[in-house]
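Single-structure report; data block below.
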There are 2 protein chains.
Amino acid sequence: MTEAKVTIIGAGSAEFSMTLVRDLCLRESLKGSTICFMDIDESRLDVVYGLATRYARETKAELKFEKALERRGALQGADFVINTALVGGHSNEEEERRVGEECGYYRGMNFGVYLHQLALMLGVARDVEDLCRNAWLIQASNPVFDGCTLITRETRAKAIGLCHGHYGAYHVARVIGIDPKEVSFQAPGVNHCIWMTRFLRSGKDAYPLIDEWIAEKSEEYWRLWDGDATDVQMSPAAVSLYKMFGLFPIGDTPRFAGAWWHHTDLETKKRWFNKYGGFDSEIGWSHYLSGLDRRMEAMFQLHGDSSALVSKEFPPEASGEQHVPIIDALVNDNRGCFQVNVPNGGALEGFGGDVVVEVPGIVSARGVQAVKVGKLPRRLTLHILRTLVMPMEQGLEAFLTRDKMALLDRILLDHRTRSYEQAQRLVDAILALPFNEDLRDFR
Amino acid sequence: MTEAKVTIIGAGSAEFSMTLVRDLCLRESLKGSTICFMDIDESRLDVVYGLATRYARETKAELKFEKALERRGALQGADFVINTALVGGHSNEEEERRVGEECGYYRGMNFGVYLHQLALMLGVARDVEDLCRNAWLIQASNPVFDGCTLITRETRAKAIGLCHGHYGAYHVARVIGIDPKEVSFQAPGVNHCIWMTRFLRSGKDAYPLIDEWIAEKSEEYWRLWDGDATDVQMSPAAVSLYKMFGLFPIGDTPRFAGAWWHHTDLETKKRWFNKYGGFDSEIGWSHYLSGLDRRMEAMFQLHGDSSALVSKEFPPEASGEQHVPIIDALVNDNRGCFQVNVPNGGALEGFGGDVVVEVPGIVSARGVQAVKVGKLPRRLTLHILRTLVMPMEQGLEAFLTRDKMALLDRILLDHRTRSYEQAQRLVDAILALPFNEDLRDFR
C-alpha cells in the first residue's frame, strides 16, 4: 500500500472525476492517497469536491481531497496528473462549428479548439516537467493522438494517453451473441482508429462469428436497432470498413477512420450509422451534449441533497476504466496489461517511431512497456498514414510554427473543401472568433 | 572511347529517339556504339531506324543501328536500356479519360494506363536482371516516380529515372530577365514535384529577383502572355505555390503538386495557368497531342524524302538532354552532376529510404551517387508525403496485390470523388474497357 497524490486537471468534468473517485475508493492498495481536483470553474469544482468527500465518507475510504483553481499549485508534489480538460468547453466547439457551416463545411471544423487543447496539453506537460518531474501524466481529453504525440516529442514528461474505445470489442461480442467474459482481443492502431487484429473466444478465432452475424443477422439488427445515437460499433459503417480493410474497427473508429464518404450529409450519415446519423451528426451530437448537460445537472442536484450516493448514482463497483488500475500498477507493481497511447518506437510497424500509437502496454513499477504488435494490413496502414497521421503532423506543424499557411495546408486537403478561397475564408472566420483572440499570432 | 550498346524500348517515340541519336552522333567518346531500337509498332520503328541511319551517315558518326520488334532479343548484350514506352499510346489514355468524365471525374483518371505502365517497367527491369544484369536501366517514360520506386524495390536492376523538368529553372531565369548561363540552382523533390532550394546568379542568391518580378512584372506578364499551352513555369499557379511553400516549383511541378484546387474545372484552370487552362486542360492537352501527331507526321515525311536531315530538323548541336552525357559519364568516367531519380537512402530528409527521389547525382564510372541535399521545408515535405507519396504507395500496393479494394483506397481519397459508389463505378468502368482486359485479375 502506497499513498499517491493524484491531480486531476479539468476536474469539473464531474462524471469523469466521480468515476475516478469511486475506483480509488474501491482500491484498497491506494488507501491514504490524495486527490487534488483542479478546475477553473469554481462551482463545478465545489460540486465535485463535495460529492467526492461525501462518497469517500460513505464508503469509509481513506482518501484525502484538495481543490484548486490554479494549476501550478495543484501540481506540486503530484505523483499522477490526469488531464481531462476541454478548453472553452463544448460551447466553443459549437460556435466554431456554426462558423464552419457558414463557410460551407458540413458539421464544421474545430481547429481553434484543437489548437487551444494542444496548448493546454503542452502547458500541463511543461508544468509537470517543472514541478513534479517524476509524475506520470495521463492524457484523457482529446485530441489524444495529436496531443500525446506533441507532448512526448516536446517534453520529457512521462506521458500516456488513455481512452476507453477499445472496450467496443466487448460490445461486438455481445451483439454477435458471445459472452464478453470469454473474449480476448487485440486492437492496435492510433487513437480513435484501432482495429481488431485478434478476436478470440475461449482461445479460438471468433472472427467467423462476426462474418456469420454480418451474413445472417446484420440486416435485421439494423432494422430493429433502438440504441442511443453514440452506438455505432455495429453500424453499417463499421461493417463496411471491416469489408474494406479486413479487420473490424473498434470503439470510436467507425465514427471516422478517414472515411469522409460516410459523412457528406445527414442522409448519408443515417444510411451508414443509425437513425440519428450516428454520434457526430447534428442529431446525434446534440443528444450527446444534452446528455452531458443532464448528467451535470444531476450532479448539482445530488450535491444539493443529502441522500446516500452509493446506492443511488455510484454503486460500489469498479467502473472498468483503466486510470486507477494503471495508477495501482505503477505505484504498487500490480502489473497488468492495458490499452495505452505511447510513442511507437517500433511497437506498430509502418508508423514513425515518434508517432503515438495505441497498443497494449505492460504496466508495472518499471513503467509502461509497449507490446510489439507487428503490423496492420499494408492497405490499412497506408490509409491511416494518409488520412490521420499526415493531418496530425500538419496540425502539430501549424501549432508549433503559428503559421496560418500551415493551417491552410491541412484545411485545403480536407475532403469538404471546394476551393482555395473557401479554405482561406474558414481560417479567417475561425481566427476572428472572440475566444480565439490568442490565436491572432498566427501569421 | 568505349563502344556501348544502347537499347531503346519504345523507340517509336521518334522524337525522343532522334534526340538521342543526334546526341550520340555528336559524342566522339561513344564512337562505335550500337543503338538498338525496339518497338512493337513496325512502321514507326522503320522510320526511326531509317532516319537514324541517314543522320549518322550525314554526320559521319561511327554508330551501328539495329531494330527489333521483340524485347528480349533487343536486350541481349545491352549496356544501357532506355525505357520510353507508353503502353497503348495516348489513345488508351484518352479513352480512360472519357470514361472517367462519364463517372463525374473532370479530366478523368488513367489508372488502367498507370497499371500497364508499371507492368511494363517491371517487366523490362526483370528482363534486364535476367539478360543484361550489368546494364543501366534508364527510365524515361512516366510515371517515373511510381515506376522507379517499384523497380528499385522489386528488382536488382541498376535503374535511374530521368526527366527534363528541372530545366524549368532556366526558364524562370529568362522570364525574370537573367541570363540562364549565369544561373546555378538546386531543385530536389520527387519527380514532377521539385522545388528550387537554391537559385544563384553568378554565385549570389537570385530569389530576390523572383520576388521583384512577382511584385512588379508578373501581372503584366500574365496579361501579355502568348506562349503555348504547356508553358506553366511562370503561371499564377506556380507563383501561388511559391507563396504557399516558400520555394519556387520547377518544371512539371506547377502542373499538379497536389494542388487539386487549381484543377476543379476549365475556368479555374484558366485562372491559375493560362488562357488554354494550362498543359492538362481539355484545350492544353489536345494542343499537346496534336503537336505530337504533327511531329510524328513530319518524321514520316522526312523518312519519305531524301533531303539532308542535319540542316533541316536536326542541327548538329547537343539537345541538352541528360541521357547521352550520363551514358558517357558511366562508360568513360566523364564525371558530371545530373538531376536523377534514385532511391532516397537519406539524400532528401523526411522521405523514406526506399522512395525514389529526384536529386542531383554525381555520375561517373563508379555509378550514380546521390547528393545529400538536406530537407525541404517541413510543411512542403508533409504536403508532398500526403498528396504524392501516399497515393504512390497506394498505387504500388494495388499493382502488386491485384486488389480492387486497393484501387478504391486511392480513388476514394482523390479530391474529386463525391461518394463511395462513384469511386466503385469508376473502378468498374475502367476495368471494363477492352484494352484493360488483362486487369480482370483484380478482385
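The values are calculated or read from the model by the stated rules, or taken from the named source; none is laboratory data. Note that the coordinates shown come from a computational prediction; the quantities given were computed from them, not determined experimentally. Every residue, glycine among them, receives a Cβ derived from its backbone with ideal geometry; neighbour counts consider all protein chains shown. Heads up: the accessible areas ignore ligands, DNA and RNA and are worked out on the full protein's heavy atoms, side chains in. Shrake-Rupley method; radii C 1.70, N 1.55, O 1.52, S 1.80 Å.
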With every atom except the alpha carbons ignored, what do you get for Rg and Dmax of the protein assembly as shown, in angstroms?
31.6, 110
Starting at the first residue of the stretch A:254-267, write each ³J(HN,Hα) from the Karplus equation 6.51 cos²θ - 1.76 cosθ + 1.60 with θ = phi - 60°, in whole Hz, x for Gly and Pro.
x, 5, 9, 6, x, 8, 4, 5, 7, 10, 6, 6, 4, 4
Chains A and B: buried accessible surface, both sides, probe 1.4 Å, rounded to 100 Å²?
3300
Within the stretch A:99-130, the residues whose backbone N lies under 18 Å from a label point placed 7 Å from the Cα of A:Thr264 along the Cα-to-Cβ direction are A:104-108
Which ³J(HN,Hα) values in Hz, rounded to whole numbers, follow from the phi angles of the stretch A:177-186 under the Karplus curve 6.51 cos²θ - 1.76 cosθ + 1.60, where θ = phi - 60° and Gly and Pro get x?
x, 10, 6, x, 5, 8, 9, 10, 8, 9
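Tell me the GluC sites (Glu not before Pro) within the stretch B:2-52 that lie in a loop according to DSSP and have at most 15 other beta-carbon atoms within 10 Å.
Details: sites: B:Glu3, B:Glu15, B:Glu28, B:Glu42; in loops: B:Glu3.
Within the stretch B:2-52, the qualifying GluC sites (Glu not before Pro) (loop, at most 15 other Cβ atoms within 10 Å) are B:Glu3.
For a Förster distance of 41 Å, can you work out the FRET efficiency between the beta-carbons of A:Arg57 and A:Lys204, rounded to the nearest 0.05? Kindly include the intermediate steps, with their values, before the conclusion.
On the way: r = 47 Å, r/R0 = 1.16.
Result of the calculation: an efficiency of 0.30.
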Can you give me the Cα centroid spacing of the stretch A:1-36 and the stretch B:262-320 in angstrom?
74
With just the Cα atoms defining each centre, how far is the stretch B:358-388 from the stretch B:190-224? Give it in Å.
21
Label-to-label distances across copies for B:Gly304, with labels 7 Å out along Cα→Cβ, in nm, shortest first?
9.8
Label distances, nm, A:Glu349 versus same residue in remaining copies, Cβ-directed 7 Å point
2.8
If each label sits 7 angstrom from Cα along the C-beta direction, how far apart, in nm, is A:Glu220 from its counterparts in the other copies?
8.0
Interchain or long-range residues, amide H under 5 Å from A:Gly246's placed H:
none
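To the nearest 20 debye, what is the magnitude of the charge dipole of chain A about its Cα centre, counting +1 on the Cβ of each Lys and Arg and -1 on the Cβ of each Asp and Glu? Please list the in-between numbers first.
On the way: 51 positive and 61 negative charges, 210 e Å.
I would put it at about 1020 debye.
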Sites B:Ser364 and A:Arg126 - FRET efficiency at Förster radius 45 Å, r taken between beta-carbons, to 0.05
0.30
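What Kirkwood radius, in Å to one decimal, follows from the Cα pairs of the stretch B:80-239?
On the way: mean 1/r = 0.0541 Å⁻¹.
For the stretch B:80-239, inverting the mean 1/r across all distinct Cα pairs yields 18.5 Å.
Just to be sure I follow: if Rg is taken over the C-alpha atoms of chain B and Rh is the Kirkwood radius over the same atoms, what is Rg/Rh? Intermediate values should be presented prior to the final figure.
Values: Rg = 21.6 Å, Rh = 22.8 Å.
Rg/Rh for chain B comes to 0.95.
Expressed as a rounded percentage, what relative contact order does the stretch A:324-443 have, with Cα pairs under 8 Å and six or more residues apart?
Result for the stretch A:324-443 is 16 percent.
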So which residues of the stretch A:251-269 lose at least 40 Å² of accessible area, probe 1.4 Å, when you go from the chain by itself to every protein chain present?
A:Trp260, A:Trp261
Long-range HN-HN contacts of B:Ile82 with modeled amide H, under 5 Å:
B:Thr7, B:Ile8, B:Ile9, B:Ile138
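Tell me the per residue accessible area of the protein assembly as shown using a 1.4 Å probe; a whole number in Å² is fine. Each step should come with its number before you reach the end.
Working: 35360 Å² over 886 residues.
Accessible surface, normalised per residue, equals 40 Å².
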Most mobile of B:Trp225, B:Trp195, B:Trp272 per a Gaussian network model of chain B (Cα springs, under 10 Å)?
B:Trp225
Can you pull the percent of Cα pairs in the stretch A:322-443 with separation above 17 Å?
67
Residue-ordered couplings for the stretch A:340-351, obtained by feeding phi - 60° into the Karplus form 6.51 cos²θ - 1.76 cosθ + 1.60 and rounding to whole Hz (Gly and Pro as x), are 10, 10, 9, x, 4, x, x, 5, 10, 4, x, 10
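Tell me, what is the percent relative contact order of the stretch B:166-280, built from C-alpha pairs under 8 Å that lie six or more residues apart? Display every interim value, and only then the final one.
Working: 158 pairs, mean separation 30.3, N = 115.
Relative contact order here is 26 percent.
Enumerate by residue number the trypsin sites (Lys or Arg not before Pro) in the stretch B:37-115 meeting two conditions: DSSP loop (anything except H, G, I, E, B), and at most 11 other Cβ atoms within 10 Å of the site's Cβ.
Details: sites: B:Arg44, B:Arg54, B:Arg57, B:Lys60, B:Lys64, B:Lys67, B:Arg71, B:Arg72, B:Arg97, B:Arg98, B:Arg107; in loops: B:Lys60, B:Arg107.
Answer in residue order: B:Lys60.
Can you give the mean number of other chain Cβ atoms that lie within 10 Å of the Cβ atoms in peptide A:239-246? Intermediate values should be presented prior to the final figure.
Details: counts 0, 1, 0, 0, 1, 6, 2, 1.
Mean partner shielding for this stretch: 1.
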Just tell me which lysines come within less than 28 Å, Cα to Cα, of B:Lys404; anything on the same chain fewer than 8 places away is out.
A:Lys217, A:Lys243, A:Lys269, A:Lys270, A:Lys375
The answer for the per residue Cα convex hull volume of the stretch B:73-157, in Å³, is 84
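On the accessible surface of the protein assembly as shown, probed at 1.4 Å, how many percent belong to carbon and sulfur atoms? Don't skip to the answer; put the middle values down first.
Numbers: 17540 of 35360 Å².
Result for the protein assembly as shown: 50 percent of the exposed heavy-atom area is carbon or sulfur.
What area, in nm² and to one decimal, does the C-alpha convex hull of the stretch A:166-280 cast on average over all directions?
On the way: hull surface 26.1 nm².
In nm², the orientation-averaged hull projection of the stretch A:166-280 is 6.5.
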